[in-house]
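Below is one structure, written out as structure tokens; the observations come after it.
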Amino acid sequence: MSTVPHGEPCQAGPVRYELLRSSRRTAALEITSDGRVLVRAPRRTSRAWLDSFVLGHAGWIETHLERQRRRQEARPEPTEAQREALICRAREVLPARTAHFAALMGLTPAAVTITGARKRFGSCSASNRICYSWRLMQYPEAAVDYVVVHELAHIVHKDHSRNFYAYVERFLPDWRERRALLKE
């Protein structure tokens, strides 16, 4: 379920979209998690220009709608029972994997918590508290370990610089392949 507001329904050729006008300066396209096409645009932009903008990006829209459809098929929203099982598994697996890799990396996170975040698998706060989404448990162990090492690396590097990824690579030389598992 998307938390993105519904806009004015529009259509440009075969492409249906929702128009959200605001004081922004540029037009932007977004495919929501529930497969809607949103166009965010400045208030005074003409509909003719917006329709042309949408049609000019029809290939991009089609590709990303298909990608979103495949994601939803591969990982549908779990039932309540499945959700509870995933939360239990996350509480067992993620602190243990974090402790394992923290020891290898010589790091100490301030805390490990489990959340229900939908858009991020993990985060590391400025105070070195690491949060993981229980949704990560729907992915292979190799992907889980990538997220754990990624978040631990943020204790040392707070950004996603070359140094950050070089640090991740010290512990997971195949991090690119592991990260790709999260996008399937």
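Over the chain, dividing the summed -39,500 (n - 2.57) contributions of all DSSP H runs of at least 4 residues by the number of residues returns a 222 nm mean residue ellipticity of -15000 deg cm²/dmol.
By accessible area, using a 1.4 Å probe on protein heavy atoms only, the range 1-93 has 52% of its surface on carbon and sulfur.
Measuring nothing but how far apart in sequence close Cα pairs (under 8 Å, 6+ apart) lie, relative to its length, the range 18-177 scores a relative contact order of 14 percent. When the residues THR115, THR45 are ordered by accessible surface, computed with a 1.4 Å probe over the protein chains alone, the sequence from largest down reads THR115, THR45. The C-alpha atoms of the chain define a longest principal axis, and helix 80-105 lies at about 60 degrees to it.
Working note: Karplus 6.51/-1.76/1.60 with θ = phi - 60° gives the range 129-145 the couplings 8, 9, 10, 10, 8, 4, 4, 4, 5, 8, 10, x, 4, 4, 5, 4, 4 Hz, where Gly and Pro are set to x. Taking ALA85, ALA153, ALA28 in turn, the Gaussian network model of the chain (Cα-Cα springs below 10 Å) assigns the largest fluctuation to ALA28. Relative to the longest principal axis of the Cα atoms of the chain, the long axis of helix 162-171 lies at roughly 50 degrees. Top mean-square fluctuation among LEU94, LEU104, LEU65, Gaussian network model of the chain, C-alpha springs under 10 Å? Top of the fluctuation ranking is LEU104.
Per residue, the accessible area of the chain comes to 59 Å², computed with a 1.4 Å probe over protein heavy atoms only.
Dipole size of the range 130-184 about its Cα centre, with +1 on Lys/Arg Cβ and -1 on Asp/Glu Cβ: approximately 180 debye, rounded to the nearest 20. When the square roots of the Cα gyration tensor eigenvalues are ordered a ≥ b ≥ c, the ratio a/c for the range 130-184 is 1.5 or more and a/b does not exceed b/c, which makes its shape oblate. If you take all other residues with their beta carbon under 13 Å from the beta carbon of LEU38, and give Lys and Arg +1 and Asp and Glu -1, the sum is +1. Among HIS100, HIS57, HIS154, which one shows the biggest mean-square fluctuation in a GNM of the chain, springs joining Cα atoms closer than 10 Å? Per the Cα network of the chain with a 10 Å cutoff, HIS57 tops the list. Paramagnetic label reach from GLN138 (point 7 Å along Cα→Cβ; backbone nitrogen cut-off under 16 Å): within the range 108-127, residues 115-122.
Within the set of other residues whose C-beta is less than 9 Å from the C-beta of ARG71, count the net charge using Lys and Arg as +1 and Asp and Glu as -1.
Computed value for this residue: +3.
3J(HN,Hα) along the range 45-57: 6, 6, 5, 4, 5, 5, 4, 5, 4, 5, 4, x, 10 Hz, from the Karplus curve 6.51 cos²θ - 1.76 cosθ + 1.60 with θ = phi - 60°, whole Hz, x for Gly and Pro. Evaluate E = 1/(1 + (r/R0)^6) for LEU107 and GLU184, where r is the Cβ-Cβ distance and R0 equals 25 Å; express this FRET efficiency to the nearest 0.05. With a Förster radius of 25 Å, E is 0.30. Fully extending the segment from SER46 to GLU177, taken as 0.36 nm per residue of separation minus the present Cα-Cα distance, adds 42.8 nm. Other residues with beta-carbon under 15 Å from the beta-carbon of LEU50 carry, at +1 per Lys or Arg and -1 per Asp or Glu, a net charge of +4. Taking the C-alpha atoms only, the angle from helix 58-74 to the longest principal axis of the chain is near 40 degrees.
The values are calculated or read from the model by the stated rules, or taken from the named source; none is laboratory data. Because the structure is predicted, anything quoted here is derived from the model rather than measured. Don't worry about glycine lacking a Cβ; one is built from the backbone with ideal geometry, like all the others, and counts go over all protein chains shown. Note: accessible area is taken over every heavy atom of the protein model, side chains too, but ligands, DNA and RNA are not part of it. Shrake-Rupley method; radii C 1.70, N 1.55, O 1.52, S 1.80 Å.
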